[in-house]
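Read the figures in this text as sums done on the coordinates, not as results from a lab. Since this is a predicted model, take the numbers as computed values, not measurements. Neighbour counts are summed over all protein chains in view; Cβ atoms, including those assigned to glycine, are modelled from backbone coordinates with ideal geometry.
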Amino acid sequence: MKKFSIATAIAMFAAMTAPAFASCDTHAEDDQAVCASKCEDAFLKDQQGWTADMSKVKEAKKACDEKCGCPQNSKGL
């Protein structure tokens, strides 16, 4: 039981600290996060247009995220 508790504590600690090192968060202040934030802002602006071609907007978002090194940010598109 003690081994299970220790393993659980280690797993919980790893799960809590792993997102802290992700630099693709659009709210962080490092260069990669600033780039990802610009991609998100451009995506939101582009999709607001009445005549926006959503396939091109999504392709541009995916390309921008890829350029920033954050392809996971456009995973659900």
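Observations
- Residues satisfying the stated conditions in segment 52-73, i.e. in contact (Cβ under 8 Å) with a residue 24 or more places away in the chain and either among the charged types (D, E, K, R) or assigned to a helix (DSSP H, G or I) (or both): CYS64, ASP65, LYS67, CYS68, GLN72, ASN73
- In segment 35-45, the residues that are more than 14 Å from SER74 (Cβ to Cβ) and surrounded by 14 or more Cβ atoms within 10 Å (Cβ to Cβ): none
- Close pairs from segment 29-51: first free of Cβ contacts under 8 Å to residues at least 12 places away in the same chain, partner among the acidic types (Asp, Glu) and surrounded by 13 or more Cβ atoms within 10 Å (Cβ to Cβ), Cβ under 7 Å, at least 6 apart: ALA33/ASP25
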